[in-house]
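Chemist: The following block contains the structure, expressed as structure tokens.
The values are calculated or read from the model by the stated rules, or taken from the named source; none is laboratory data. Quick caveat: nothing in here was measured; it's all calculated off a predicted structure. We place every Cβ from the backbone using ideal geometry, glycine too, and count neighbours over all the protein chains shown. Heavy atoms of the whole protein, side chains included, go into the accessibility calculation; ligands, DNA and RNA do not. Shrake-Rupley method; radii C 1.70, N 1.55, O 1.52, S 1.80 Å.
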Amino acid sequence: MSSFNESVFGVFGEAIIDLLPTQKGNLKPNPGGSPYNVARALGKQGMSVSYLSPLSQDHLGDVLKNQLLTDGGVVDEDFRVSKPTSLAVVQLNDEGIPSYSLYREGIADREYDAQDILSRIPHSIRLLHTGSLAVIPEDISRVIEIIEPLKSRDVLISIDFNFRPNIVQDHPAYVRGLESLVPCCDLLKASDEDLHMMGYTQSFDELAARFLTQMDSGMVVFTRGEKGAFLYNQKHQVEFEGFIVEQVVDTVGAGDSFQAGLLSALHQKYALDKAKMSNASPAGLAQLLHWACACAAINVTRQGCNPPNSEETIAFLDAQDITA
């Protein structure tokens, strides 16, 4: 585990306790929240990562902190607040697809202003990731206040739309807020479900071209659940159909494991160098997708968000006869 001030990756956004149903009908608490999951998954991949949002001083805040530390991430021990930890009651359908009832008012991870985050970002940070519930309309201005100074320092920005329409009444404002972040992105991720709920009707290729035109030499990735993903840079696009696993336990955290896998692969293969990422060949882009899809595939064979480490990812790819 690296120290907080040596982190290459920084992550801010929601940290939530997911209350997952058990076979006995009880609710089991599990650490969750999309950005928090990405931080955990990056740590398990052996990446140097700091979680930057405040955690609660309550017991559940301790649970979140301890799980992140166990997985190899780091937190600012002094950034603890009196607000309670956010909760999500999770329901799974017959295919293991989750839906969430979220409790997000007056909670710890939203108890910050932009300077709180900026003052804690290590100078070693090369990439900042956020998205999901951190980029709802009422919080978007704070997000932009954080991102803009980092862009001036050539810190790469990764954003996952992870559109959650059930928590925002004004959907057009929600979509406009997310679209306002596109020019800030160096890596933009959205699922096919996100794009559908946001009202887009264009093809992946058309949307990628639109977003890339607004970005400065960035990358766009569109995921399709068990059907794999598309990855675009300014020159090429590749598609990978994903991996088939014997048994899907549930899909909680699959997208976050994919995101962390992609970010860790970008670090390993291209050293988070923007020029190298922009000039990546189709073969290079395919390798990124293979690693990210492997991380997601391993996660869905386990209960809750339980992302793999790099050794497990390599073993999985070896079993598929794909070079890591």
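Chemist: When you go through (1) assigned to a loop (DSSP other than H, G, I, E, B); (2) open to solvent by 20 Å² or more (accessible area, probe 1.4 Å); (3) charged (D, E, K, R); (4) over 27 Å from residue 151 (Cα atoms) one by one for residue 239, which number turns out not to apply?
Modeler: (1)
Chemist: Given the criterion buried (at least 24 other Cβ atoms within 10 Å of the Cβ), modelled with pLDDT of 95 or more and either under 27 Å from residue 171 (Cα atoms) or among the acidic types (Asp, Glu) (or both), identify the matching residue among 288, 231.
Modeler: Working: 288 fails: either under 27 Å from residue 171 (Cα atoms) or among the acidic types (Asp, Glu) (or both).
Of 288, 231, the one residue that is buried (at least 24 other Cβ atoms within 10 Å of the Cβ), modelled with pLDDT of 95 or more and either under 27 Å from residue 171 (Cα atoms) or among the acidic types (Asp, Glu) (or both) is 231.
Residues checked against (1) among the acidic types (Asp, Glu); (2) closer than 26 Å to residue 249 by Cα; (3) at pLDDT 95 or above:
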{"site": "45", "(1), (2), (3)": "no, yes, yes"}
{"site": "62", "(1), (2), (3)": "yes, no, yes"}
{"site": "66", "(1), (2), (3)": "no, yes, yes"}
{"site": "94", "(1), (2), (3)": "yes, yes, no"}
{"site": "107", "(1), (2), (3)": "no, no, yes"}
{"site": "122", "(1), (2), (3)": "no, no, no"}
{"site": "129", "(1), (2), (3)": "no, no, yes"}
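Chemist: With the condition kept exactly as written, say whether any residue in segment 209-228 is of a type in the set (A, V, I, L, M, F, W, C) and without any contact (Cβ under 8 Å) to a residue 24 or more places away in the chain. Walk me through it before giving the result.
Modeler: Restricting attention to segment 209-228, the residues satisfying the condition of being of a type in the set (A, V, I, L, M, F, W, C) are 209, 211-212, 215, 219-222.
Checking the rest, the ones that are also without any contact (Cβ under 8 Å) to a residue 24 or more places away in the chain come to 209, 212.
Yes: one or more hits.
Chemist: Right, another one. Please list, ordered by residue number, the strands (runs of 3 or more DSSP E) wholly in segment 17-96 having 3 or more residues that are open to solvent by 10 Å² or more (accessible area, probe 1.4 Å).
Modeler: Details: elements: 27-32, 49-51, 86-92.
Correct list: 27-32, 86-92.
Chemist: From the set of residues in segment 116-134 that are more than 18 Å from the chain's Cα centre (by Cα) and of a type in the set (Gly, Ala, Ser), which is most open to solvent (accessible area, probe 1.4 Å)?
Modeler: 119
Chemist: A further question on this structure: Only one residue in 272, 262, 266 is touching a residue at least 60 places away in the same chain (Cβ under 8 Å), crowded, with 18+ Cβ neighbours inside 10 Å and more than 16 Å from the chain's Cα centre (by Cα), so which one is that? Step through it out loud before you land on a result.
Modeler: Working: 262 fails: more than 16 Å from the chain's Cα centre (by Cα); 266 fails: more than 16 Å from the chain's Cα centre (by Cα).
After applying the criteria, what remains is 272.
Chemist: Of the residues in segment 140-170, how many are open to solvent by less than 10 Å² (accessible area, probe 1.4 Å) and in a helix (DSSP H, G or I)?
Modeler: Going through segment 140-170 one residue at a time, the tally reaches 4.
Chemist: Could you figure out which of (1) under 18 Å from the mean Cα position of the chain (by Cα); (2) surrounded by fewer than 16 Cβ atoms within 10 Å (Cβ to Cβ); (3) at pLDDT 95 or above isn't true of residue 205?
Modeler: Here residue 205 meets the rest and fails (1).
Chemist: I'd like the full set of residues that are outside any loop (DSSP other than H, G, I, E, B) and not β-branched (Val, Ile, Thr), limited to segment 203-219. I'd like the intermediate steps shown before the answer.
Modeler: Taking segment 203-219 and keeping what is outside any loop (DSSP other than H, G, I, E, B), we get 204-214, 219.
204, 205, 206, 207, 208, 209, 210, 211, 212, 214, 219 - these are the residues of segment 203-219 that are outside any loop (DSSP other than H, G, I, E, B) and not β-branched (Val, Ile, Thr).
Chemist: Still on this model: Any residue that is assigned to a helix (DSSP H, G or I) and within 10 Å of residue 257 (Cβ to Cβ) - is there at least one of those in segment 274-289?
Modeler: Initially, segment 274-289 is screened for residues assigned to a helix (DSSP H, G or I), giving 274-278, 282-289.
Subsequent filtering for residues that are within 10 Å of residue 257 (Cβ to Cβ) retains none.
No, there is no match, as no residue in segment 274-289 is assigned to a helix (DSSP H, G or I) and within 10 Å of residue 257 (Cβ to Cβ).
Chemist: Could you list, in sequence order, the residues of segment 291-305 that are modelled with pLDDT of 95 or more, of a type in the set (Gly, Ala, Ser) and outside any helix (DSSP H, G or I)?
Modeler: None - no residue of segment 291-305 is modelled with pLDDT of 95 or more, of a type in the set (Gly, Ala, Ser) and outside any helix (DSSP H, G or I), so the list stays empty.
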